[in-house]
Amino acid sequence: VQERPGSCDREYLFRVTYLEIYNEALRDLLSPGVTVARGRGARAMHPNAPPAQQPIRLMENRKGVTILQGAREVVVTSPAQAYALIASGEAHRATGSTGMNARSSRSHTVFRLIIESRSAGRSSGSDAGGRI
């Protein structure tokens, strides 16, 4: 996180999640033992996953905000920490060999960065936020 001169009137909180979509199922790449949810709530294990924890549920609240229930959310304080989480998650992705590539991806990923800001000195609540 880089500060600009005169920007000390705000405080920021950065949180990340990293998910894999494999065979139409969700898996948390920051918690590789999490089971995946398929279709209407059925469970299945990712081929590289250790014993199961809990399924990840993708929902939308009444305000239209997407909620990931069961996904690990990590607070980061620098770009280096975010890159390290991506590297760690990449090691847990589903891969296999093909005729063109020895380590081909068998999945898609979603890296979510949540940015919250508030006026410096406020003890609770946030007055701005967003998801990338």
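Taken across the range 80-95, residues that are of a type in the set (Val, Ile, Thr) and either over 18 Å from the mean Cα position of the chain (by Cα) or at pLDDT below 65 (or both) do occur, with at least one present. Cβ-Cβ contacts under 8 Å between residues 6 or more apart (or on different chains), taken from a first residue in the range 67-83 that is free of Cβ contacts under 8 Å to residues at least 40 places away in the same chain to a second residue that is acidic (Asp, Glu) and surrounded by fewer than 17 Cβ atoms within 10 Å (Cβ to Cβ), are listed as ILE67/GLU60.
Within the range 55-87, restricting attention to residues that are in a loop (DSSP other than H, G, I, E, B) and open to solvent by less than 60 Å² (accessible area, probe 1.4 Å), the residue that is nearest to ASP28 (Cα to Cα) is ALA71.
Take the conditions (1) modelled with pLDDT under 70; (2) touching an Asp or Glu at 6+ places or on another chain (Cβ under 7 Å); (3) crowded, with 18+ Cβ neighbours inside 10 Å; ARG27 misses just one of them, which is (1). The sole residue among SER104, SER123 that is modelled with pLDDT under 85 and either among the β-branched types (Val, Ile, Thr) or open to solvent by 70 Å² or more (accessible area, probe 1.4 Å) (or both) is SER123. What do you reckon, is ALA42 open to solvent by less than 70 Å² (accessible area, probe 1.4 Å) and modelled with pLDDT of 90 or more? When the stated conditions are applied, ALA42 does not pass them.
The values are calculated or read from the model by the stated rules, or taken from the named source; none is laboratory data. Computed from a prediction, not measured in an experiment: that's the story for all the values here. Positions of Cβ are backbone-derived with ideal geometry, glycine not excepted, and every protein chain shown enters the neighbour counts. Note: accessible area is taken over every heavy atom of the protein model, side chains too, but ligands, DNA and RNA are not part of it. Shrake-Rupley method; radii C 1.70, N 1.55, O 1.52, S 1.80 Å.
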